[in-house]
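Worksheet: one structure, shown below.
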Amino acid sequence: MVTPYKHEPFTDYSIDENRKELEAELKKAEKSLGKDYPLIIGGERITTDEKIVSYNPANKDQVVGYVSKANKEIAEKAMKVADETFQWWRKTKPEMRADILFRAAAIVRRRKQEFTAHLVLEGGKPWKEADADTAEAIDFMEYYGRQMLQIKDGVGINSREIENNRYNYIPLGVTVVISPWNFLFAIMAGTALAPLVTGNTVLLKPASTTPVISYKLMEVLEEAGMPNGVVNYIPGSGAEVGDYLVDHPRTRLISFTGSREVGTRLFERAAVVGPGQKWLKRTIIEMGGKDTIVVDKDTDLELAAEAITYSSFGFSGQKCSACSRVIAHQDVYDDLLARVVELTKEVNVADPTNHDTYMGPVIDEKAYNKILDYVETGKKEGKLMIGGTGDKSKGWFVNPTVFADLDPNATIMQEEIFGPVVGFSKAKDFDEAIDFANNTDYGLTGAVFTNNRANIEKAREDFHVGNLYFNRGCTAAIVGYHPFGGFNMSGTDSKAGGPDYLIHHMQGKTTSEML
Ligand code: NAP
């Protein structure tokens, strides 16, 4: 019997011992930077001449690792291995597959600060954010393992007296997993392990900015007893390897997390039935957000201001769930804005290897330029209250930025910026606030601050987002507690870390025997 699921506790770095442990791991991790990492296909290590170079975004001259880069030929080889492995892997016992996840969780837990140190360096995450990423990766392992045990015998259906009917879930086939860099460990691991535990085989293509952590996951899975060929590690260009595998006739399921631009393109390509293809490909596509915090007039303004500050600037606003718009009731708009600006002054932007850094860099030069371009747009559309500047002398640092007095239809209130920029708009009443909150193409997360019960109920029905929070910020969903995924252009709402997630990786099979 496995113990009931409980989420992994966060590390308290105010405790001396914990702080020293991470400091020591950071020193160790820095010493091992710059190594070469091969691809892993069917357990075989393959080194290529062409490399993906992973850099520390806080220290752009520091190379985290050189990773071999798959091309179409290598992707084809990986597809063959995954396809062949699926023929027997699909028949393995769900308990055995779940055990691999439980063991992997235990291995990561024992080396937790080592993984967290790596995320600080490869992802540019401050300690708290890196720790949460590691904890979430562990949670996915523990939760999906347990979920598999729950669904392994299918669901009870009716049988007439003369028959014996069963309804079971069986795996789909080769799954292409394309993951983003922002939850470089948790989302990458969660999206790779859900297909594994449900009996599929996996081609894992991590984001090119953060490929080393996926190699480390592969090592953990091998230590946990994962047979060769079940998950194959094939970093490569999204445009080359990604497209090739998405189009491949043997691809059965595509699990993508990333931008709307790539996600919608991939959705279209996946719909094309190529020569030799025997099925309609299934897609799990989780995309961006333009997440709003609504602040009503009857509320605790200090609580709201603190939540807005953290939701907007935690991990430099690079969470799909990050707050990037605030819609405040006209009666509290000025006070709330002033308080958020005050709190923003306290956000220190620095190298995330320092214990007390609140906000580190953004991921790379492309993100840096894109965010500052949006800042220029914001200056034309609203009033810059604080921030709006960057410093790229050492790493990709952008200061936390607040814009006020925006039309809710302004570009920076509509498009995903994916950086530390938040815009404020005023609403005349709560109904208008909810209308404004709903006026983007997205529908991922949202939060409402109010003490008015009727308004809570109104928002529950009318605020159209996949994850809606009351009187708390809109980030920090926890596996098994806040199933995560969005509506509209935020994606297919597969609800990662939720009770239905694994089913998306399976298909129902009915068997009926006459007695
Ligand atoms: P991205 O640019 O769309 O990249 C995501 C993945 O897609 C990467 O592995 C990328 O590979 C790959 N890719 C790029 N072009 C491709 C193509 N033509 N075909 C197939 N794959 C391709 O997104 P990102 O910048 O990594 O991540 C940030 C975005 O993810 C934001 O929009 C954020 O909101 C969203 N996100 C959503 C969720 C959610 O749960 N809804 C969670 C986290 C992040 P390369 O790196 O090699 O280009």
Take the stretch 391-405 and flag every residue that is in contact with a Gly (Cβ under 9 Å, 6 or more places away or on another chain) and of a type in the set (D, E, K, R). ASP405
Condition check: surrounded by 15 or more Cβ atoms within 10 Å (Cβ to Cβ), farther than 28 Å from GLY199 by Cβ and at pLDDT 95 or above. Does VAL53 satisfy that? no
State which residue is nearest to LYS319 (Cα to Cα) when the search covers only the stretch 265-286 and only residues that are basic (Lys, Arg) and either near the ligand (Cβ under 10 Å from one of its atoms) or more than 26 Å from the chain's Cα centre (by Cα) (or both). ARG265
Give the number of residues within the stretch 174-184 that are away from the ligand (no atom under 12 Å from the Cβ) and touching an Asp or Glu at 6+ places or on another chain (Cβ under 8 Å). 1
I'm checking my understanding of the structure. Among residues of the stretch 246-264 that are within 21 Å of the chain's Cα centre (by Cα) and not β-branched (Val, Ile, Thr), which one is farthest from the ligand (Cβ to nearest atom)? LEU253
Of all residues in the stretch 208-222, which are surrounded by fewer than 24 Cβ atoms within 10 Å (Cβ to Cβ) and within 12 Å of the ligand (Cβ to nearest atom)? SER208, THR209
Can you list the helices (runs of 4 or more DSSP H) lying wholly within the stretch 1-119 that have 3 or more residues being among the acidic types (Asp, Glu) and farther than 30 Å from VAL246 by Cα? 16-31
Which condition from (1) β-branched (Val, Ile, Thr); (2) touching a Cys at 6+ places or on another chain (Cβ under 9 Å); (3) more than 13 Å from the ligand (Cβ to nearest atom) is the one that THR445 breaks? (3)
Which of the residues that make up the stretch 230-282 are surrounded by 24 or more Cβ atoms within 10 Å (Cβ to Cβ), more than 18 Å from GLU76 (Cα to Cα) and among the β-branched types (Val, Ile, Thr)? THR257
Selected residue (only one of LEU203, LEU193 is under 14 Å from the mean Cα position of the chain (by Cα) and surrounded by 24 or more Cβ atoms within 10 Å (Cβ to Cβ)): LEU193
Taking into account only those residues within the stretch 134-175 that are part of a helix (DSSP H, G or I) and among the acidic types (Asp, Glu), which is farthest from SER214 (Cα to Cα)? GLU142
Total residues in the stretch 349-404, condition away from the ligand (no atom under 16 Å from the Cβ) and more than 12 Å from ALA58 (Cβ to Cβ): 26
Go through the stretch 476-497 and give me each residue that's within 15 Å of VAL465 (Cα to Cα), surrounded by fewer than 20 Cβ atoms within 10 Å (Cβ to Cβ) and of a type in the set (A, V, I, L, M, F, W, C). PHE487, MET489
Checklist (1) farther than 24 Å from LEU303 by Cα; (2) more than 13 Å from the ligand (Cβ to nearest atom); (3) small (Gly, Ala, Ser) applied to ALA437, failing item: (1)
Heads up, the helices (runs of 4 or more DSSP H) in the stretch 181-277 (entirely inside) with at least 3 residues that are touching a Phe, Trp or Tyr at 6+ places or on another chain (Cβ under 6 Å) and modelled with pLDDT of 95 or more are 186-197, 212-223
Meets criteria (of a type in the set (A, V, I, L, M), modelled with pLDDT of 95 or more and within 27 Å of ASN488 (Cα to Cα)) for LEU406: yes
Can you tell me which residue is farthest from ALA476 (Cα to Cα) among those in the stretch 310-332 that are part of a loop (DSSP other than H, G, I, E, B) and either among the charged types (D, E, K, R) or within 14 Å of the ligand (Cβ to nearest atom) (or both)? ASP331
In this structure, does ILE170 turn out to be modelled with pLDDT of 95 or more and within 16 Å of the ligand (Cβ to nearest atom)? no
Residue in the stretch 140-147 that is within 16 Å of the ligand (Cβ to nearest atom), hydrophobic (A, V, I, L, M, F, W, C) and at pLDDT 95 or above present: yes
So which residues in the stretch 292-309 are part of a helix (DSSP H, G or I), buried (at least 19 other Cβ atoms within 10 Å of the Cβ) and touching a Lys or Arg at 6+ places or on another chain (Cβ under 8 Å), if there are any at all? ALA305, ALA307
Somewhere in the stretch 90-97, is a residue touching a strand residue (DSSP E or B) at 6+ places or on another chain (Cβ under 6 Å) and surrounded by fewer than 23 Cβ atoms within 10 Å (Cβ to Cβ)? yes
What about GLY289, is it part of a loop (DSSP other than H, G, I, E, B), farther than 26 Å from LEU22 by Cβ and within 16 Å of the ligand (Cβ to nearest atom)? yes
Quick test of your reading of the structure: ASP500 fulfils all but one of (1) crowded, with 22+ Cβ neighbours inside 10 Å; (2) closer than 22 Å to TYR169 by Cα; (3) away from the ligand (no atom under 11 Å from the Cβ). Name the failing condition by number. (1)
Could you tell me whether any residue of the stretch 294-309 is in contact (Cβ under 8 Å) with a residue 60 or more places away in the chain and within 16 Å of the ligand (Cβ to nearest atom)? no
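The values are calculated or read from the model by the stated rules, or taken from the named source; none is laboratory data. Note that this is a predicted model, so its numbers are computed, not measured. When we count neighbours, we look across all protein chains shown, and the Cβ atoms used for this are built from the backbone with ideal geometry, even at glycine.
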